[in-house]
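**Student:** Have a look at this one before I ask anything.
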Amino acid sequence: MNRKKSYELNEEMINKIISVAYNDANIFERIFVYRAAKGDDNVKKLLQSYCNTAIKVHELKEEDCPEEIIESLKQKSIPLRISQNSFNSDFAAVVFGRPLVSAIASVLVVAAIIVALFSTREIHPVYSRQEIEHADKQARQALAIVGKIFNQTGTTLKREVLNDRVSKPIKDGLGIVNSIFN
């Protein structure tokens, strides 16, 4: 059985070498990579290659993009509208983006409407002749009581309120005004 050396070149080792070359690795990884580079020429060459690349990358300076290019991109690109209500747009994308989901949702909505229509039919109660006559008698009695109360209220309004409380003070007030003018 061949055992792998801990510094053999695999994806994990290459990632550690890149981290060391760009000064992103911690102290333990650096020590590990430098030891592996001393013991293996392939690791040493790869580390040196990535270090040279890192130096050249760090030497690059940031350049400003010409304004004409930015303006032409703005004119050519279509701006995205930002949706204020993301739940509605997400729901619509799920329902209408997939035909099977859309078909199932349509069937469920139609079924719910049909069930609602058939389950809310009005059932008209059937009353017997005696019940109708009894209700008519009760309604007549109630209306007679209400009519009697209105008659008493009208009489009270005419005698007590209008005569005593309204017309008498007005009559007294007009008498005072007439006596002042005379």
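**Student:** Using alpha carbons only, how many degrees (0 to 90, rounded to 10) separate the axis of helix 41-59 from the longest principal axis of the chain?
**Tutor:** Here the helix axis deviates by roughly 60 degrees.
**Student:** Turning to a different aspect of this structure: When only C-alpha pairs under 8 Å and at least 6 residues apart count, what is the relative contact order of the chain, in percent? Don't skip to the end; give the middle numbers.
**Tutor:** Working: 39 pairs, mean separation 18.8, N = 182.
It comes to 10 percent, rounded to a whole number.
**Student:** Can I ask one more? List the pair-distance distribution P(r) of the stretch 103-142, using every Cα-Cα distance, as the percent of pairs falling in each 10 Å bin from 0 up to the bin containing the longest distance, rounded to whole percents.
**Tutor:** Here the calculated profile for the stretch 103-142 is 23, 22, 16, 16, 14, 8, 0.
**Student:** From the alpha carbon gyration tensor of the stretch 99-182, can you work out the equivalent ellipsoid semi-axes (sqrt of 5 times each eigenvalue) and give them in Å, largest to smallest? Show your work: numbers first, answer last.
**Tutor:** Working: eigenvalues 905, 178, 5 Å².
Semi-axes from the Cα gyration tensor: 67, 30, 5 Å.
**Student:** With every atom except the alpha carbons ignored, what do you get for Rg and Dmax of the chain, in angstroms?
**Tutor:** Expressed in Å, the Cα Rg and Dmax of the chain come to 48.9, 140.
**Student:** GNM on the chain, C-alpha springs below 10 Å: top fluctuator among Glu67, Glu12, Glu122?
**Tutor:** Taking springs between Cα atoms under 10 Å, the residue moving most is Glu12.
**Student:** Moving on. With axes computed from alpha carbons, what is the tilt in degrees of helix 99-119 against the longest principal axis of the chain, rounded to the nearest 10 within 0 to 90?
**Tutor:** 20
**Student:** Then there is this: Using Cα springs under 10 Å in a Gaussian network model of the chain, which residue among Val109, Val101, Val20 shows the largest mean-square fluctuation?
**Tutor:** Between Val109, Val101, Val20, it is Val20 that shows the largest mean-square fluctuation.
**Student:** Right, another one. Can you send over the carbon and sulfur percentage of the accessible area for the chain, probe radius 1.4 Å, protein chains only? Spell out each step's value before the answer.
**Tutor:** Details: 10050 of 16970 Å².
Carbon and sulfur together cover 59 percent of it.
**Student:** If you don't mind, another one. I need the phi-derived Karplus couplings for the stretch 163-171: 6.51 cos²θ - 1.76 cosθ + 1.60, θ = phi - 60°, integer Hz, Gly and Pro marked x.
**Tutor:** 6, 7, 9, 10, 6, 5, x, 5, 4
The values are calculated or read from the model by the stated rules, or taken from the named source; none is laboratory data. Because the structure is a prediction, the values reported are computed rather than measured. Calculation scope for accessible area: heavy atoms of the full protein, side chains included, ligands and nucleic acids excluded. Shrake-Rupley method; radii C 1.70, N 1.55, O 1.52, S 1.80 Å.
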